[in-house]
Amino acid sequence: MELYPYTRFYLKSVYQRAKSYWANHFSTIGVIGMNEACSILLGRGIYQNKDFAGSVLQYIKDELQEIQLETKHLYNLEATPAESTCYKLAKIDHELFPSVKLPEFYTNSTMLPVDSTDDLFEALNHQESLQTEYTGGTVFHAFLGERLSSWTQARDLVRAITTTYRIPYVTLTPTFSICRTHGYLAGEHFECPQCGEKALVYSRIVGYFRPVSDWNAGKKVEFSMRKIYTAIKNEPIDFQIGGFTKTTYTDFPGKPVASILFTKGCNLKCGWCHNSDLVNEKPEDLDPHAILDYVASTEHRSLVICGGEPTIQSGLMPFLRRAKERGISVKLDSNGSNPNVLQKVFDENLVDFVAMDVKADPERYAEVAGKPLRPKLLKKSIEIIKKSGVKHEFRTTVVPGLVDIEDIAVIKGLIGDTPKLQRFRSSETCIDAKFRTHQEHSEEEFEEIVKTAKEL
């Protein structure tokens, strides 16, 4: 202890009581790769061999009791985090046993493989008896994909877990991203959906958050394989709704009847937009679950989601998932400003039709749409929609003196076809007062523009 003067000072009371400076200290024993051990030894992983895994933990604890009696030192059994060791040991085993088919990384402690289930409570049911075997540190990470939509949802989820299961420690682990310009972004965004610049994606490597780009090769593979827990039933949805119409006959191509939901808020401010109340006013007190219940009860079971701009809503993805679970057909209207959100929508096959409004030549959005928007975001959205395999249309409103044939020519070049042209109508509800009395095209003028556009 001569080499540890501070330790000797702070632990002197322990020494005086027990004649040992380390009487209160534990040595830790842990396990990693139980899933892979089960697969290699028993032919199937830990999901099917939980009892075997539990018996191994019990055997280790029994041995530690004997060692403690023999050495007079304390030992505990921990669910080893092994942030980097899971990859390092697998890499060493690849070198030692080149003829054996081994994974790129070992699964942490006695956890389920990261790609085994997206049902949170299925995972908890499996892990409860294993997590309670440890005498040292252990934790269950609930990987949620993105932050929960409200603090009350987090409270209710923690309450449901802690009152139902004996698991000692639980984390709610959302994935989030950081843009240098726009700060916190919910979910996984390697590019900022607002400016298109590179963003850092953060998740919990094991016990702490760290940029995914800084993880080792094995952990990066693990992150790409992770299933997020989406099967959280009846979760509150933070979905700001500005209005709901039970019946529309014209807004869902291919559907004779549908309902239509208007979301609140928009990241553009087109002067001729008729929905100024959706852009500027507070949301109505409409319950997303009640709307889903209504649409699911109708014969048409079809819903149009428009805005405002739906893709800026943090609750869009949960709402679409619930709609899909209820068997509701969905048409999504968007301005194309959030290509990453659109990609997620298509990846999960959540919509049946998409309509994208292309306001003008992308270089003119500051003038035409009231706010600048990076052209590459619009172009990326167009490509994503075209490649999605989902029915779609691109729409452009022709506004005299503002959006005309020159813009249509540029838009046609981007989408590879003539957009569906819509005739501007003045209205008392236009956002910009000057468009409330703005000159409209006559029917003949508009038909000539449509004809010219097709000939471009």
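The values are calculated or read from the model by the stated rules, or taken from the named source; none is laboratory data. Owing to the predicted nature of the structure, the values given are computational and were not obtained by experimental measurement. FYI the Cβ positions are ideal-geometry reconstructions off the backbone, even for glycines, and counts take in every protein chain you see.
Annotations for the structure displayed:
- Matching helices (runs of 4 or more DSSP H) fully within region 349-422 where at least 1 residues are of a type in the set (S, T, N, Q): 375-387
- LEU130, sole failed condition from (1) in a loop (DSSP other than H, G, I, E, B); (2) modelled with pLDDT of 90 or more; (3) buried (at least 19 other Cβ atoms within 10 Å of the Cβ): (1)
For (1) within 23 Å of HIS126 (Cα to Cα); (2) assigned by TED's automatic domain parsing to the domain that holds ALA90; (3) charged (D, E, K, R), each residue gets a yes or a no:
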| position | (1), (2), (3) |
| --- | --- |
| TYR10 | no, no, no |
| ARG17 | no, no, yes |
| TRP22 | no, no, no |
| PHE26 | no, no, no |
| ASN35 | yes, yes, no |
| TYR47 | yes, yes, no |
| ASP51 | yes, yes, yes |
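- Here THR175 clears all of (1) out of contact with any Gly (no Cβ under 7 Å at 6 or more places or on another chain); (2) within 20 Å of ASN340 (Cβ to Cβ); (3) at pLDDT 85 or above except the condition numbered (1).
- Sole residue being surrounded by 11 or more Cβ atoms within 10 Å (Cβ to Cβ) and at positive phi, chosen from ALA37, ALA82: ALA82
- Condition met for GLU95 (loosely packed, with under 12 Cβ neighbours inside 10 Å and either farther than 20 Å from VAL170 by Cβ or not assigned by TED's automatic domain parsing to the domain that holds ARG204 (or both)): yes
- Qualifying residue in region 407-427 (condition: of a type outside the set (Gly, Ala, Ser) and farther than 25 Å from PHE252 by Cα): yes
- When region 355-402 is filtered for residues that are of a type in the set (A, V, I, L, M, F, W, C) and under 12 Å from GLY336 (Cβ atoms), the ones remaining, listed by number, are ALA355, MET356, VAL358, ALA369, LEU373, LEU377, LEU378, ILE382, ILE384, ILE385, PHE394.
- Residue check for GLY416: surrounded by fewer than 14 Cβ atoms within 10 Å (Cβ to Cβ) and either closer than 18 Å to PRO362 by Cβ or not assigned by TED's automatic domain parsing to the domain that holds ASN335 (or both): yes
- Candidates in region 133-161 are the residues that are farther than 18 Å from PHE319 by Cα and of a type in the set (D, E, K, R); of these, the one that is modelled with the lowest pLDDT is ASP156.
- Matching residues, region 40-69, being surrounded by 15 or more Cβ atoms within 10 Å (Cβ to Cβ) and touching an Asp or Glu at 6+ places or on another chain (Cβ under 8 Å): GLY45, GLY54, LEU57, LYS61
- Qualifying residue in region 432-441 (condition: under 38 Å from the mean Cα position of the chain (by Cα), crowded, with 18+ Cβ neighbours inside 10 Å and not in a strand (DSSP E or B)): no
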